[in-house]
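Contents: one structure, followed by commentary.
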Amino acid sequence: ALSSEDTPELLFDLRLQRDALRSGTIYSLVSKAVARNPPRAAGRRSGFSSSIISGLAQGSGEYFTRLGVGTPARNLYMVLDTGSDVVWVQCAPCKSCYSQSDPIFDPTKSASFSGIPCGSPLCRSLDSSGCNQRRMCLYQVSYGDGSVTFGDFSTETLTFRRTSVGRVALGCGHDNEGLFVGAAGLLGLGRGKLSFPSQTGSRFNRKFSYCLVDRSASSKPSSLVFGDAAIPRGALFTPLLTNPKLDTFYYVELLGISVGGTRVPKISPSLFKMDQEGNGGVIIDSGTSVTRLTQAAYTATRDAFRLGARNLKRAPDFSLFDTCFDLSGQTSVKVPTLVLHFRGADLSLPATNYLIPVDSSGTFCFAFAGTMNGLSIIGNIQQQGFRVAYDLAGSRVGFSPRGCA
């Protein structure tokens, strides 16, 4: 179990601070990639799964999954992250390690741990690599919020409940600094060549899905599923798009937004379009909490929502939220419906996915934010309660409102 001494209000404020840094990381990655030259071109299997919990008790907006690392397997919490690629875990001996809820992983006690030679293709696949005195590979991953992990690049066995996946390339971090909190490391689920799905996709037919539990209900764990069973029946699918400059993120095509049953007239597909250079577009990210829309789209959506919710008592702004309401003393309220129109999939959000409590005294806020960046991010608050299915073999992402049971 994860626990914290901090109040819910403080934890939520921490979460939003981390979220702002997280989105900044993503914008920085994309802008750097777009400025660079184009990158070099790059059967049914049994499935497996693991559980997921919310990291809210740690002040984290991310979700953690539980899996075994090494042989024998040591169970650790890992951040579930579709917005990054490299898998890594904190390792002994620590030059600098942040506080985590599990004991630090000791590679000397694992029979399956193996270093990667400097000249190997895996080592060359890293964006930032080096060599130690024994000519073994070193890795470093820096995040836009100033966080960094550095150590030995190695292969190790990961165990999901009873299924073991061998020779997964992962970072064994001896120096991990910054805003990491609670979890022992990170399970990179992005589209880049070093992500867990890219490395091991043949084991599970290149399909995986997750359902994110309610932010506040750690008693209701959910699951991360790999294999054909990951794709629920009746899911609504939208095609995956590819950014020619950056392979990490899952891009989708957002065509418009409806509020209160009516398409918001000022929102055209051009607001969400990715240009030929790789600027703009829309990504789905499990590690960002609050959905960011380009400023014009956000303003139009927010204004339509305010109009539909004009009977509710307004409250002061909270952190990055500029549309809040005082619902104290009310047992039920009516709010406008909200639908995200993706190509081929209309995602009708439950009210709890866009009007969320920010304190314990009845203040609720509209859980979207604007960004001056051209890139929009669909965050995990809006994904909550849906099974989000990544069918990489079919190059599509699906949403199922009943896939969490």
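Key figures for this structure:
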read-out	value
For the range 48-230, diffusion coefficient by Stokes-Einstein and Kirkwood Rh (Cα), 37 °C, 0.692 mPa s, µm²/s	200 µm²/s
Relative packing of 327-335, 103-111, 175-183, which averages over residues the other C-beta atoms within 10 Å, highest first	175-183, 103-111, 327-335
Surrounding net charge for VAL252, when Lys and Arg each add one and Asp and Glu each subtract one, Cβ distance under 10 Å	+1
Separation in nanometres of the label points that stand 7 Å from Cα toward Cβ, at SER270 and GLU177	4.7 nm
Residue-normalised accessible area of the range 236-401, given per residue in Å² at a 1.4 Å probe	39 Å²
Listed peptides 345-357, 82-94 by packing density, highest first (mean Cβ within 10 Å)	82-94, 345-357
Alpha-carbon Rg with Dmax, taken over the chain, Å	20.9, 69
Descending principal axes extents, the range 67-136, alpha-carbon based, whole Å	34, 30, 23
Inter-centroid distance (Cα atoms) of the range 293-329 relative to the range 355-405, Å	17 Å
Links that overshoot a 30 Å alpha carbon limit, given the list LYS32/LYS273; LYS193/LYS273; LYS266/LYS334; LYS193/LYS266	LYS193/LYS266
Using a Förster distance of 25 Å, the FRET efficiency for ASP326-ARG263 (Cβ separation, nearest 0.05)	0.25
Carbon/sulfur fraction of accessible area - the range 249-338, other protein chains in place, 1.4 Å, %	50 percent
Relative contact order (%) - the range 165-267, alpha-carbon pairs under 8 angstrom, separation at least six	18 percent
Residue-by-residue Karplus 3J(HN,Hα) for the range 347-361, coefficients 6.51, -1.76, 1.60, Hz, glycine and proline x	9, 8, 8, x, 4, 5, 8, 9, 10, 10, x, 10, 8, 9, 10
Built amide H within the under 5 Å cut-off of SER112, gap 5+	THR71
Cα-based equivalent ellipsoid, the range 236-401: semi-axes from gyration tensor eigenvalues, Å	28, 16, 15
Volume in Å³ per residue [convex hull over Cα atoms, computed for the range 296-387]	116 Å³
Dimensions in Å of the range 202-332 - Rg and Dmax from alpha carbons	18.5, 54
Over the chain: helical MRE at 222 nm, DSSP H runs n ≥ 4 each giving -39500 (n - 2.57), nearest 500	-4000 deg cm²/dmol
Normalised per residue, the volume of the convex hull around the Cα set of the range 245-297 (Å³)	97 Å³
Residues GLN133 and ARG343, FRET efficiency given R0 of 51 Å [Cβ-Cβ distance, rounded to 0.05]	0.45
For LYS273, distant residues with modelled amide H under 5 Å away	GLY281
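The values are calculated or read from the model by the stated rules, or taken from the named source; none is laboratory data. Here the structure is a predicted model, which is why all the values come from computation and not from measurement. A quick note on method: Cβ atoms are made from the backbone with ideal geometry, for glycine too, and the neighbour counts reach across all protein chains shown. We work out accessible area using only protein heavy atoms, side chains counted, and drop any ligands, DNA or RNA first. Shrake-Rupley method; radii C 1.70, N 1.55, O 1.52, S 1.80 Å.
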